[in-house]
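See structure below.
Readers should treat all values here as calculations from the given coordinates under stated rules, not as data from a laboratory. No experiment lies behind these values; they were computed from the predicted model shown. Neighbour counts run over all protein chains shown; Cβ positions are idealised from the backbone, glycine included.
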Amino acid sequence: MSSNVILWFRDDLRLSDHPALHEAAKSGAAVIGLYVLDDSRRPAHEMETRPLGGAARWWLAQSLRRLQESLAAIGGTLVLRRGPAVKAVTELAREIQARQVFWNEIAQAPELARANKVEAALRADGIEVRTFPGDLLVDPAILRSKDGRALRVFTPFWRRVLAIGAPPKLLPAPTMLPSIADIPSETVDSLCLEPAEPDWAAGLRQTWDVGERAARQRLKTFLAAGIAGYARGRDRPDIERTSNLSPHLRFGEISPRQIWHAAQFAAAERPALSGDIDKFLSELGWREFCHHLLFDTPEMATRNLQPAFDAFPWRPDRGALRAWQRGRTGYPMVDAGMRQLWQTGTMHNRVRMVVASFLVKHLLIDWRCGERWFWDTLVDADAASNPANWQWVAGCGADAVPYFRVFNPILQGEKFDPQGDYVRRWVPELGGLPASLIHQPWRATPLELQSAGVRLGTTYPEPIVEHRAGRERALVAYAKLRAA
């Protein structure tokens, strides 16, 4: 029997700290990497997993190219196939007479179902399947509440994770990987992951360096030069105080274990930064929390975690939704965030909360509309974090923000972008206004507007809803829901 082995890459597009690859390489067999893209046009209920949004597809294309280069450098091969995973994996196994297939687990219901189908089909062909812990710090199946469910409040959840202790030691990347040449494969270009006409990805290309090497360098640079002051500075979109690691984590170009161990090493080397590093790790913990929620509630992108919200009086408004999507709401902080998202595929975390609150509370537009827009436009669109964070802001999720907390986009701008630098970067038509007016240009006198080259309603829109009126309308709607 042939000793060929398939390594099924999924959301783990790296070589280092890759348990399945590490074990496959130790086998001494020829190892053939495989990535399967299932974006076939089938009814939603027949799809195994949620199709990627446009920005994430762009990132995936770059990440696959980098992975191909990394594998080629050590003698390996990455085969690309398209279609349902069961068909793609089993067909390749038969083509190369593989005796084993290795992969890392993904603790999400759709991914678990997909992997189970693949495993059953392979075992029916007499092929051994070996799976390994996925890209979380703790297996969701072992971290449960007394009634057997996922923990719904972050602080006790994170305490439990910390009490478990450090994750396993990191695994080195293989230095050599015997493979097989000339296996039929799609190319990255033939997968059509990147936009053609129109090519809207110029801003993504300018913003991001993709791949495992870039991820590791970004982490190294952040811990060396960016972590100081993180606990306070992370809320400032006008300064560089975040790691920007989320898309690398999303596609597994770096593992949470690698981040954990690197951060703990930095804390040991520089004890004065322990507070900043603890806060940074708690953000990694929030990602973990969201994934544990998804393990229990696979419909999190479409179903309220709190069923009482099923009766919430959302107000469908296509015009307002479009204005929000395009950064034309008349609120500079909101518009800056939405334009940053459109151009770069990302948005500062503080601003994400502001724009989400504006959509669901000021405009009373269903959080699912925002979640779908973020899914399509974020390079780090994640099946767990994206819906969990939207539900958190809307008040219908786990450990959700109190319903009466309505982010004031004016005060948020003045507090976290005090000189208006963030707004000036992304809403340049307001760049001539002083810091005292840039977050509420409607307060400027006609002379101040004229000198700044601003014509409200023409060069920059009037607010689509008055803040106080929007807030009161939201509070009334939430109060009626609670009284029902």
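With a sphere of radius 11 Å drawn around the Cβ of Arg287, what net charge do the other residues whose Cβ falls strictly inside it have (Lys, Arg +1; Asp, Glu -1)? Working shown, then result.
Details: positive: Arg250; negative: Asp135, Glu283, Glu288, Asp380, Asp382.
Here the charged neighbours net out to -4.
How much length, in nm to one decimal, is gained on full extension between Arg322 and Ile239, taken as 0.36 nm per residue of separation minus their Cα-Cα distance?
Numbers: separation 83, 0.36 × 83 = 29.88 nm, distance 2.85 nm.
Net length gain for the segment: 27.0 nm.
Could you compute the FRET efficiency for Ala469 and Arg159, with r as their C-beta to C-beta distance and R0 at 51 Å, rounded to 0.05? If you can, show how the numbers build up before the last one.
On the way: r = 41 Å, r/R0 = 0.81.
Rounded to the nearest 0.05, the efficiency is 0.80.
Out of Val89, Leu52, Gly165, whose Cα points farthest toward the positive end of the dipole of the chain (charges: +1 Lys, Arg; -1 Asp, Glu; placed on Cβ)?
About the Cα centre, the residue reaching furthest to the positive side is Gly165.
Using the charge dipole of the chain (Lys, Arg: +1 at Cβ; Asp, Glu: -1 at Cβ; taken about the Cα centre), state which of Gln412, Ala150, Pro195 has its Cα farthest towards the positive end.
The residue sitting most towards the positive pole is Gln412.
Skipping prolines and chain starts, which residues have an amide H placed within reach, meaning under 5 Å, of the one on Ile32, given they are 5 or more residues away or on another chain?
For Ile32, whose amide H was placed from the backbone, the distant partners under 5 Å are Val5, Ile6, Leu7.
Give me the net charge for the shell around Thr346: Cβ to Cβ below 10 angstrom, other residues only, Lys and Arg +1, Asp and Glu -1.
Numbers: positive: Arg352; negative: Asp380.
Net charge in that neighbourhood comes out at 0.
How big is the Kirkwood radius of the stretch 185-336, worked out from every pair of different alpha carbons and given in Å to one decimal? Write down the numbers at each step before the final one.
Numbers: mean 1/r = 0.0522 Å⁻¹.
Hydrodynamic radius (Kirkwood, Cα pairs) of the stretch 185-336 is 19.1 Å.
Using the number of other C-beta atoms within 10 angstrom as an exposure proxy, rank Tyr35, Tyr403 with the fewest first. Write out the running numbers ahead of the final one.
On the way: Tyr35 24, Tyr403 19.
Arranged by neighbour count, lowest to highest, Tyr35, Tyr403 become Tyr403, Tyr35.
The stretch 246-300 to the stretch 59-83: how many Å between their Cα centroids?
Measuring centre to centre over Cα atoms gives 26 Å.
Order of Met338, Met333 from fewest to most other C-beta atoms within 10 Å?
Working: Met338 27, Met333 33.
Arranged by neighbour count, lowest to highest, Met338, Met333 become Met338, Met333.
Count charges around Leu305 for me, please; just the other residues with Cβ under 14 Å from its Cβ, Lys/Arg as +1, Asp/Glu as -1. Walk me through the numbers on the way to the answer.
On the way: positive: Arg149, Arg152, Arg303, Arg368; negative: Asp296, Glu299, Asp310, Glu371, Asp399.
Surrounding charge for Leu305 is -1.
How large is ³J(HN,Hα) for each residue in the stretch 402-418, as worked out from phi by the Karplus curve 6.51 cos²θ - 1.76 cosθ + 1.60 (θ = phi - 60°), to whole Hz, x for Gly and Pro?
Taking θ as phi minus 60°, the curve returns x, 4, 7, 8, 10, 4, 8, x, 6, 5, 4, x, 5, 7, 9, 9, x Hz for the stretch 402-418.
Which of the peptides 12-25, 127-140 is most tightly packed, and how do the rest follow, judged by the mean count of other Cβ atoms within 10 Å per residue? Each step should come with its number before you reach the end.
Details: 12-25: 23.4, 127-140: 18.2.
Ranking, from highest mean packing down: 12-25, 127-140.
Modelled label-to-label distance, Lys480 and Ala202, 7 Å Cα→beta-carbon offset: nm?
4.6 nm
Past the 31 Å Cα-Cα mark, which pairs from Lys146/Lys279; Lys220/Lys361; Lys117/Lys361?
Values: Lys146/Lys279 28 Å; Lys220/Lys361 39 Å; Lys117/Lys361 42 Å.
In this structure, Lys220/Lys361; Lys117/Lys361 lie more than 31 Å apart at Cα.
Using a 7 Å offset from the Cα along the Cα-to-Cβ direction at both Ser145 and Leu411, what is the distance between the two label points in nm, to one decimal?
Label-label distance for Ser145 and Leu411, simple model: 3.1 nm.
Using θ = phi - 60° and the Karplus form 6.51 cos²θ - 1.76 cosθ + 1.60, what ³J(HN,Hα) does each residue of the stretch 67-78 get, whole Hz, x for Gly and Pro?
5, 4, 5, 5, 5, 4, 5, 10, x, x, 9, 10
Sort Glu269, Glu91 by Cβ crowding within 10 Å, fewest neighbours at the top. Working shown, then result.
Details: Glu269 9, Glu91 13.
In order of increasing Cβ crowding within 10 Å: Glu269, Glu91.
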